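Asks: Mind looking over this structure? Questions follow.
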Amino acid sequence: MSLVGVDEAVGVLRAGGLVGVPSETVYGLAADGTNAAAVASVFARKGRPRGHPLILHVLDDPWAYAARDPRAEALVARFWPGPLTLVLPRLPSALDEVTGGRSTVAVRSPSHPVFRALLAGLGRPIAAPSANRFGGVSPTTAAHVLSDFPDLPVVDGGDADVGVESTILALLGDRPAILRPGAVDRDALVAVLGPVDATGDTPAPGNLPSHYAPRARVEVSDDPEGLARSLVAAGLRVAVLPPEPPGRYAATLYERLRAHDASGVDVIVAPWCSDVGVGAAVNDRLRRAAAGR
Ligand code: TXA
Ligand code: MG
């Protein structure tokens with residue numbers, strides 16, 4: 001275990017190193033967002049292909065890195081800090097290593113007090129993807145991060161509240177588009193913006209169908225118990241996720257996928273979640289997990 005405190009973590013970031021950090025959504029693999037070499041090392045550490053851009057995390061508003069947009073200003077006022085990432089035209093101050101050389105940058109202000117203490121201590125933005133190996137299940141505890149990166153210094157901020165990654169909203173053309181559903185749901189965005197395109201119309205770069213996949217096969221079903229019985233009858237080792245309301249389903253999903261994976265089952269059978277609130281994000285992640293690796 002290499003758990004570290006906030007001051008030590010700030011020192012590591014300042015020196016160009018990487019740190020596992022808690023957020024309200026999932027844990028992140030953090031680098032100083034203004035240090036090109038540090039940001040580049042995130043890709044190598046994660047096994048992530050270049051050109052999958054990172055989210056730039058900021059303490060307050062994003063206008064030092066992203067072009068101003070009145071719609072974004074309204075969303076920042078309403079939802080930040082919190083689990084909403086905005087994709088906006090970038091300013092030159094956003095590093096190519098962060099944006100993958102695109103003309104846009106993804107920005108988010110996390111609400112987790114430990115993440116905020118790191119941003120305040122560093123005095124710079126933090127670039128961070130989820131702190132898992134590429135294509136795997138995102139971490140919601142410090143122990144998950146250490147199981148993927150045993151040598152990484154990690155700040156323990158407890159279990160992630162939300163449990164799934166932030167909503168990503170692109171504000172590029174006339175019509176806002178959700179690139180990845182999360183806890184800030186479409187209805188909440190529509191209430192501020194009017195019409196918003198749903199996920200699927202515009203795929204996020206790197207938001208692959210097969211993301212978030214454990215090693216075991218995942219099957220999503222309206223009748224999980226019935227499906228599990230037939231899989232067991234076929235000689236497979238099977239785990240079944242319990243039905244949960246959306247908030248609880250989101251908060252427990254990744255922990256359960258990881259725990260069942262570690263126990264060596266062949267198949268994890270999951271019920272669909274009610275599609276309200278963060279439930280749409282749960283079903284999106286279930287669909288991707290079921291798409292395999
Ligand atoms: O909740 C979260 O968003 C967590 C915490 C740590 O903040 N972070 C996270 O990062 O989930 P990551 O890298 O695992 O997912 C970020 C997604 C990727 O699919 C990436 O392609 C997309 O954001 N993204 C980043 N910059 C983008 C851009 N300029 N345009 C479109 N998509 C972008
Ligand atoms: Mg990720």
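Asks: From Leu227, Leu241, grab the single residue that is touching a Lys or Arg at 6+ places or on another chain (Cβ under 7 Å), away from ligand 1 (no atom under 16 Å from the Cβ) and at pLDDT 95 or above.
Replies: Values: Leu227 fails: touching a Lys or Arg at 6+ places or on another chain (Cβ under 7 Å).
So the residue among Leu227, Leu241 that is touching a Lys or Arg at 6+ places or on another chain (Cβ under 7 Å), away from ligand 1 (no atom under 16 Å from the Cβ) and at pLDDT 95 or above is Leu241.
Asks: Hey, another quick one. Which one of Pro62, Pro83, Pro92 is in contact (Cβ under 8 Å) with a residue 60 or more places away in the chain and more than 15 Å from Pro176 (Cα to Cα)? Show your work before the answer.
Replies: On the way: Pro62 fails: in contact (Cβ under 8 Å) with a residue 60 or more places away in the chain; Pro92 fails: in contact (Cβ under 8 Å) with a residue 60 or more places away in the chain.
The match here is Pro83.
Asks: Evaluate the stretch 269-284: report whether one residue or more is open to solvent by less than 40 Å² (accessible area, probe 1.4 Å), in contact with a helix residue (DSSP H, G or I) (Cβ under 9 Å, 6 or more places away or on another chain), aromatic (Phe, Trp, Tyr) and modelled with pLDDT of 95 or more. Walk me through how you get there before you give the answer.
Replies: Kept after step one, since they are open to solvent by less than 40 Å² (accessible area, probe 1.4 Å), are these residues of the stretch 269-284: 269-271, 273, 277-284.
Of the ones still in play, those that are also in contact with a helix residue (DSSP H, G or I) (Cβ under 9 Å, 6 or more places away or on another chain) are 269-271, 273, 277-282.
From the residues that got through so far, the ones that are aromatic (Phe, Trp, Tyr) too are none.
Looking for residues that are open to solvent by less than 40 Å² (accessible area, probe 1.4 Å), in contact with a helix residue (DSSP H, G or I) (Cβ under 9 Å, 6 or more places away or on another chain), aromatic (Phe, Trp, Tyr) and modelled with pLDDT of 95 or more, one finds none in the stretch 269-284, hence no.
Asks: Given (1) among the hydrophobic types (A, V, I, L, M, F, W, C); (2) assigned to a loop (DSSP other than H, G, I, E, B); (3) more than 19 Å from Arg180 (Cα to Cα); (4) open to solvent by 10 Å² or more (accessible area, probe 1.4 Å), where does Leu152 come up short, assuming only one miss?
Replies: Only one criterion is unmet by Leu152, namely (4).
Asks: Follow-up. How about the stretch 54-89: which of its residues are assigned to a loop (DSSP other than H, G, I, E, B), closer than 21 Å to Ser103 by Cβ and of a type in the set (D, E, K, R)?
Replies: At the first step, the residues of the stretch 54-89 found to be assigned to a loop (DSSP other than H, G, I, E, B) are 54, 58-65, 67-69, 80-83.
Still in the list and also closer than 21 Å to Ser103 by Cβ: 54, 58, 61-65, 67-69.
Within the stretch 54-89, Asp61, Arg68, Asp69 qualify.
Asks: Take the stretch 12-53 and flag every residue that is part of a loop (DSSP other than H, G, I, E, B) and within 21 Å of Ala143 (Cβ to Cβ).
Replies: Of the stretch 12-53, the ones part of a loop (DSSP other than H, G, I, E, B) are 15-18, 22-27, 33-35, 47-53.
Scanning the stretch 12-53 gives Gly17, Leu18, Pro22, Ser23, Glu24, Thr25, Val26, Tyr27, Gly47.
Asks: Name the residues in the stretch 166-180 that are more than 25 Å from His112 (Cβ to Cβ) and either within 14 Å of ligand 2 (Cβ to nearest atom) or touching a Pro at 6+ places or on another chain (Cβ under 9 Å) (or both), would you? Walk me through how you get there before you give the answer.
Replies: Our first condition is that a residue be more than 25 Å from His112 (Cβ to Cβ); within the stretch 166-180, this holds for 172-177.
Hits for the stretch 166-180 are Leu172, Arg175, Pro176.
Asks: Another question, then. Among the residues of the stretch 63-108, write down those that are of a type in the set (Ser, Thr, Tyr) and touching a strand residue (DSSP E or B) at 6+ places or on another chain (Cβ under 8 Å).
Replies: Pass one, the stretch 63-108, residues of a type in the set (Ser, Thr, Tyr): 65, 85, 93, 99, 103-104.
The answer is Tyr65, Thr85, Thr99, Ser103, Thr104.
Asks: Additional query: Which one is farthest from ligand 1 (Cβ to nearest atom) among residues in the stretch 27-57 that are β-branched (Val, Ile, Thr) and open to solvent by 10 Å² or more (accessible area, probe 1.4 Å)? So that I can check it myself, show each step before the final result.
Replies: Initial filter on the stretch 27-57 (β-branched (Val, Ile, Thr)): 34, 39, 42, 55.
Among the residues that remain, those that are also open to solvent by 10 Å² or more (accessible area, probe 1.4 Å) are: 34, 55.
Values: Thr34: 16, Ile55: 5 Å.
The selected residue is Thr34.
Asks: Among (1) at negative phi; (2) open to solvent by 20 Å² or more (accessible area, probe 1.4 Å); (3) of a type outside the set (S, T, N, Q); (4) in contact with a His (Cβ under 8 Å, 6 or more places away or on another chain), which single condition is Glu97 missing?
Replies: Condition (4) is where Glu97 drops out.
Asks: How do the pairs read when you match residues in the stretch 206-219 that are on the phi > 0 side of the Ramachandran plot and near ligand 2 (Cβ under 10 Å from one of its atoms) with residues anywhere that are at pLDDT 85 or above and outside any loop (DSSP other than H, G, I, E, B), using Cβ under 6 Å and keeping only pairs 6 or more apart or on different chains?
Replies: Correct list of pairs: Tyr212/Arg285; Tyr212/Arg288; Tyr212/Ala289.
Asks: Same structure, new question: Among Ala183, Ala191, which is the only one that is closer than 16 Å to Leu75 by Cα and in a loop (DSSP other than H, G, I, E, B)?
Replies: Being closer than 16 Å to Leu75 by Cα and in a loop (DSSP other than H, G, I, E, B) holds for just one of Ala183, Ala191, which is Ala183.
Asks: Based on this model, can you work out whether Leu88 counts as in contact with a Pro (Cβ under 8 Å, 6 or more places away or on another chain) and either within 16 Å of ligand 2 (Cβ to nearest atom) or open to solvent by less than 20 Å² (accessible area, probe 1.4 Å) (or both)?
Replies: Working: in contact with a Pro (Cβ under 8 Å, 6 or more places away or on another chain): yes; either within 16 Å of ligand 2 (Cβ to nearest atom) or open to solvent by less than 20 Å² (accessible area, probe 1.4 Å) (or both): yes.
Taking the combined requirement at face value, the residue satisfies it.
Asks: Mind telling me which of the residues Ala72, Ala67 ends up being over 17 Å from the mean Cα position of the chain (by Cα) and either surrounded by fewer than 19 Cβ atoms within 10 Å (Cβ to Cβ) or acidic (Asp, Glu) (or both)? Break it down stepwise before answering.
Replies: Details: Ala72 fails: either surrounded by fewer than 19 Cβ atoms within 10 Å (Cβ to Cβ) or acidic (Asp, Glu) (or both).
Every option except Ala67 fails the conditions.
Asks: Using the structure shown, decide if Ala9 is away from ligand 1 (no atom under 15 Å from the Cβ) and open to solvent by less than 10 Å² (accessible area, probe 1.4 Å). Walk me through it before giving the result.
Replies: Numbers: away from ligand 1 (no atom under 15 Å from the Cβ): no; open to solvent by less than 10 Å² (accessible area, probe 1.4 Å): yes.
In short, no.
The values are calculated or read from the model by the stated rules, or taken from the named source; none is laboratory data. If you're wondering where the values come from, they're calculated on a predicted model, not measured in any experiment. Don't worry about glycine lacking a Cβ; one is built from the backbone with ideal geometry, like all the others, and counts go over all protein chains shown. Surface areas here come from the heavy atoms of the whole protein model, side chains and all, with no ligands, DNA or RNA. Shrake-Rupley method; radii C 1.70, N 1.55, O 1.52, S 1.80 Å.
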